[in-house]
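The block underneath contains the structure these notes are about, expressed in structure tokens.
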Amino acid sequence: PAMSYALSQQQTPASPKIGESLMYLLSLRNTGTATIMSVRIVDTLSAALVNVTVQGPAPNSITDSPVAGSTIYAWLVSPAGIPPGVTVTITITGQVAAVCGATTIGSTVWMSVAGDCGAPIEQSASVAPFTVNPPSASLVVVKTQTPVNPGTGQPVTYRIVIANAGSDTLDNLN
């Protein structure tokens, strides 16, 4: 029997903003004629992804990465017993956290599978990284006067409009 598999990783949406949900879908399909007996999956996620949940097989370990600002999720399944033609999926969801500076978020998953015979086969899959920018405040103030050219002693009305053209919520404007 021949050992072969297809690994894919998808991300939805492609460029989420702060506070929005992000989903990674990892898929392993046994495309060979041999049963996959063991699987090792490693996915490193950015620390800018919070409230992370996993659907599918639970990871065996979740550890801080030696790469600053990331977390390693690892799965080791043995015996896996994934027969030819079967697909196993893992869904990872989280929320994009607020950041203090422009932060690039991406994910590369690495997988190794083995059957009863032969050496393990290794493969990786990535999604295109995206950048999250920190929230910013930007006030636009417009002052108008009515009438534009008042006469002496004529009443004048001023109208001041303040708008937030930034991406951050402004509180306590005094």
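The values are calculated or read from the model by the stated rules, or taken from the named source; none is laboratory data. Just so you know, these numbers come straight off a predicted model, no measurement behind them. When we count neighbours, we look across all protein chains shown, and the Cβ atoms used for this are built from the backbone with ideal geometry, even at glycine. Note: areas computed on protein heavy atoms with side chains; ligands, DNA, RNA excluded. Shrake-Rupley method; radii C 1.70, N 1.55, O 1.52, S 1.80 Å.
For this structure, a couple of remarks:
- Some residue of the range 79-91 being of a type outside the set (V, I, T) and open to solvent by 70 Å² or more (accessible area, probe 1.4 Å): yes
- In the range 4-58, residue modelled with the lowest pLDDT [restricted to those that are closer than 30 Å to A102 by Cβ, among the aliphatic types (A, V, I, L, M) and assigned to a loop (DSSP other than H, G, I, E, B)]: A47
- Candidates in the range 158-174 are the residues that are at pLDDT 90 or above and open to solvent by 90 Å² or more (accessible area, probe 1.4 Å); of these, the one that is farthest from the chain's Cα centre (by Cα) is Y158.
- Test: residue in the range 107-123 that is modelled with pLDDT of 90 or more, over 33 Å from the mean Cα position of the chain (by Cα) and in a strand (DSSP E or B): no
- Residue list for the range 98-116, filter: within 30 Å of T71 (Cβ to Cβ) and either open to solvent by 60 Å² or more (accessible area, probe 1.4 Å) or basic (K, R) (or both): A98, C100, A102, T104, T108, W110
Yes/no matrix, rows are residues, columns are (1) surrounded by 11 or more Cβ atoms within 10 Å (Cβ to Cβ); (2) under 19 Å from R40 (Cα atoms); (3) without any contact (Cβ under 8 Å) to a residue 40 or more places away in the chain; (4) of a type in the set (D, E):
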{"residue": "N60", "(1), (2), (3), (4)": "yes, yes, yes, no"}
{"residue": "T93", "(1), (2), (3), (4)": "yes, no, no, no"}
{"residue": "G118", "(1), (2), (3), (4)": "yes, yes, no, no"}
{"residue": "F130", "(1), (2), (3), (4)": "yes, no, no, no"}
{"residue": "P135", "(1), (2), (3), (4)": "yes, no, no, no"}
